[in-house]
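One structure below.
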Amino acid sequence: QLVQEVPQPADPTEQERHEPSPERDDRRAGESAALVVPLGKSVHSDAEVSWTGSVSGSPHLFVLGIPGQGKSWAVLHLLSEVTRGGIPALIFDFHGQFGQTDTPFATAAQPLVLDVSQGLPFSPFEASPGQGGGTNQWRTNAFQVAEIIEYVFGLGDMQGDLIYEAIRDCYQGAGYESEGDRVSNLTPPTMAGVFTRLKELESERRGIKNTVARCRMLFEFDMFREEAAETLAFQPERLQTSVIDLHRVGIETMQMAAGAFVLRKLYKDMFLWGETDRLRLLVVLDEAHRLAKDTTLPKIMKEGRKFGIAVVVASQNMQDFRPEVLDNAGTKVIFRTNYPLSKRVAGYLKAPHFISDVVSKLEGLDVGHALIQTPQMATCAEVELYPYVAATAQRESV
């Protein structure tokens, strides 16, 4: 049984072990329903270590390690168990592995696959008062879309401000400023319209150069199928396991842009959901370094929990991530890492007394082993993770 009542973690005492115990679970009884996924067994005590997906505490999970140690299998195991438990997932797929129809995961989850090379079926400029910004949501959206373009294409402050002005002018030209809260009846700006206005502004502001040249590919790539607006709508009653397939987009910068705009849409839409007492959606970013500097991801991790969103971030390196991403991940799964990354990541783990040197431990972990610490654990444990295929076969045979 994957869905069960999961209590609030208690503060650990000196007598409590480094791993969860039944006594601690009993003390935390009475909280909201949660999804509990066993990750593996401790090599020290043979106790099972699990991830808890709930709206209590911090449900987000960070997976780190050098290639070939088991990160992808661990993510796939977690993802499979979550979808098996009836919770949909939003998966950002940079290699095409999750969208393949002949895999066990695809057979079980039946995901909706959105091929980004064919265009994303929404407009980045859609705005409504209920999306967290009130009657000025369109203006908030103009700032945040400009912010995405600025960081994806490495623009300067003045260039980013020019992008904002172009978007703002197009919103105003469409009547958004004069219509107040009746923006749902208006047609949002288009990529072509914003690009035209941007070129006009750059021509007028001769001191601000190369804005058009730096971000031209975004406007000429046909990334959005704006005529199919709202085909991708993140609504609780319509959520289903979906794969954002980015592997056919041959330019990494455009992969970053597409991922950023999908995260931005999820962030806007979640404010329309209402708060909940249980997990609604698991967001999975494998190869997450491609979105390491994304401005929306930390906001989803910080604010999405009360709406039922948990995030799994997996990467080879933590150095490029915003600190908020690591700080908001309550569960850390750290496979073998090498120096100097091992020294830095060791600071996110509290070691039990029998692990005297966490750095050396991280550098010497076997394949399929990880140091794991969850919010329910006073200290970390070395865990032999369940392999995806074996875990699936075992459960299917029961």
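Some observations on this one:
- Scanning the stretch 73-90 turns up one or more residues that are in contact with a strand residue (DSSP E or B) (Cβ under 7 Å, 6 or more places away or on another chain), over 20 Å from Leu263 (Cβ atoms) and hydrophobic (A, V, I, L, M, F, W, C).
- Yes/no for Ile309 being open to solvent by less than 10 Å² (accessible area, probe 1.4 Å), at pLDDT 90 or above and closer than 21 Å to Ala89 by Cβ: yes
- Members of the stretch 107-137 that are modelled with pLDDT of 85 or more, surrounded by fewer than 20 Cβ atoms within 10 Å (Cβ to Cβ) and not polar (S, T, N, Q): Leu112, Val113, Asp115, Gly119, Pro121
- Residue match in the stretch 279-288 (condition: modelled with pLDDT under 90, out of contact with any Pro (no Cβ under 8 Å at 6 or more places or on another chain) and either among the β-branched types (Val, Ile, Thr) or not in a loop (DSSP other than H, G, I, E, B) (or both)): yes
- Residue within the stretch 358-368 that is open to solvent by less than 30 Å² (accessible area, probe 1.4 Å), over 29 Å from Arg305 (Cα atoms) and either of a type in the set (S, T, N, Q) or free of Cβ contacts under 8 Å to residues at least 24 places away in the same chain (or both) present: yes
- Evaluation of Lys302 against (1) touching a residue at least 24 places away in the same chain (Cβ under 8 Å); (2) over 24 Å from Gln240 (Cα atoms); (3) open to solvent by 60 Å² or more (accessible area, probe 1.4 Å) (one fails), failing number: (2)
- Pairs with Cβ under 7 Å, 6+ apart, first in the stretch 68-80 and among the polar types (S, T, N, Q), second at pLDDT 90 or above: Gln69/Phe335; Gln69/Arg336; Gln69/Val367
- Scanning the stretch 51-62 for residues being out of contact with any Asp or Glu (no Cβ under 8 Å at 6 or more places or on another chain) and either without any contact (Cβ under 8 Å) to a residue 60 or more places away in the chain or surrounded by 22 or more Cβ atoms within 10 Å (Cβ to Cβ) (or both) gives a total of 7.
The values are calculated or read from the model by the stated rules, or taken from the named source; none is laboratory data. Note that the structure is predicted; figures quoted are calculated from it, not measured. Heads up, the Cβs are rebuilt from the backbone with ideal geometry, glycines too, and the neighbour counts pull from every protein chain shown. Calculation scope for accessible area: heavy atoms of the full protein, side chains included, ligands and nucleic acids excluded. Shrake-Rupley method; radii C 1.70, N 1.55, O 1.52, S 1.80 Å.
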